[in-house]
1. Which order results if Met34, Met188 are arranged by neighbouring Cβ count within 10 Å, fewest first?
2. Please report the net charge: other residues with Cβ closer than 12 Å to the Cβ of Arg121, K and R +1, D and E -1.
3. Express the relative contact order of the chain as a whole percentage, based on alpha carbon pairs under 8 Å and six or more residues apart in sequence.
4. Please work out the FRET efficiency for the pair Lys39 and Arg189, using the Cβ-Cβ distance as r and a Förster radius of 51 Å; give the result to the nearest 0.05.
5. Is it possible to state the helix-based mean residue ellipticity at 222 nm for the chain, with each DSSP H run of 4+ residues giving -39500 (n - 2.57), the sum divided by total residues, to the nearest 500 deg cm²/dmol? What is it?
6. Which translational diffusion coefficient, to the nearest whole µm²/s, is obtained for region 59-244 from the Stokes-Einstein equation, given a Kirkwood hydrodynamic radius over C-alpha pairs, 37 °C and 0.692 mPa s?
7. Pull out the extension gain between Glu7 and Ala226, defined as 0.36 nm times the separation in residues minus the alpha carbon to alpha carbon distance; nm, one decimal.
8. So how do Ser119, Ser156, Ser135 line up by other beta-carbon neighbours within 10 Å, fewest first?
Amino acid sequence: MKYSKIEWTEATWNPSTGCNKVSAGCKNCYAETMAKRLKAMGAPGYENGFEFTLMPERLEMPFKIKKATKFFVNSMSDLFHERMPFDFLDKVFEVIRHTPQHSYQILTKREEILQDYCSSRMIPDNVWLGVSVESAKTKHRIDILRTIPARIRFLSVEPLIADVGTLDLKGIHWVIVGGESGAKARPMRPEWALNVQKQCDEQGIAFFFKQWGAWGEDGVKRSKKANGRIFLGREWNEEPAKESIL
Ligand code: SF4
C-alpha cells in the first residue's frame, strides 16, 4: 500500500517535525513550506510551524501498521537534528528494531551527528541509511556514510543544483536523483543527472530517477507533473539489490 506521494517510499513517519537550513540544498525546503501551511490550517503537530519539535505521541505509529511497509523517517525534519536528544533517538530505533516487518529509510544532512550517534550503537538491519548530496560541496557526506555499518546505504542527489563531479560509490547501494520543484526551484541540467547515472552504471549501483521537478529536460519551466519522470527515454525505479534487503 502506498501512503506517500514521494516516489521512492511507501509511507512517512515523523517522530519529530521542524528543522533549520544547513546547506544549499535546503534553500527552498519543501518541509518548511508544508509546515507553515499546516500551521496556518491548524493541523495537529504543527503548532510550532517549522520549529524543531519532538513528537513522542507518534512513536508507536509503526506498530499499528501490520503490513510490511517502507517508511521514510522524518520527511518533515532531520532525524539527526542538533536538538534531537540521543535518548529520544534510542526510542525511535527501539521501535524500528521491534517492527522488523517494516523497512525504514533515514536520510540526513547532518552526517557528523549521525556518525557520533552510530559510534556507540548498532543500526538495525531494517534501516536504509542515507545522506543528501546536492552538489560537489557536500560529497564529504558520502565518506562519512561509508564508515557506518548499515545494511543499506544510499544517496539522495536531490535537489541536484550543480554537477557533483566524480563520485566514489564504494559501499553505497542506491542513488536517487531528482530536480527541485516549487515556485523558486533551481534547474537541474540533464548532463548533471547523466553524470550520476553513468557512474552508477559503471560502479553497479541501483539508480532511481525521481523527477525533473519544475524545470524540464528541455530547460523549460512547467509543472512537476508535466515534466514527469522520464530520463534517457524511460523511468528509472531501480532499488538496492535484493540480497541487501531483508
Ligand atoms: S535538512 Fe532537510 S528538512 Fe532540514 S531544512 Fe534542510 S532540506 Fe529542510
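1. Met34, Met188
2. Summing Lys and Arg as +1 and Asp and Glu as -1 gives -3.
3. This gives 14 percent for the chain.
4. About 0.90, to the nearest 0.05.
5. Computed mean residue ellipticity for the chain: -6500 deg cm²/dmol.
6. Answer from the Stokes-Einstein relation: 190 µm²/s.
7. 77.3 nm
8. Ser119, Ser135, Ser156
All of the numbers you see were taken from the coordinates with simple rules; none came from a lab. These numbers come from a predicted model, not from an experiment. No Cβ is skipped: glycine too gets one built from the backbone with ideal geometry, and neighbour counts run over all protein chains shown.
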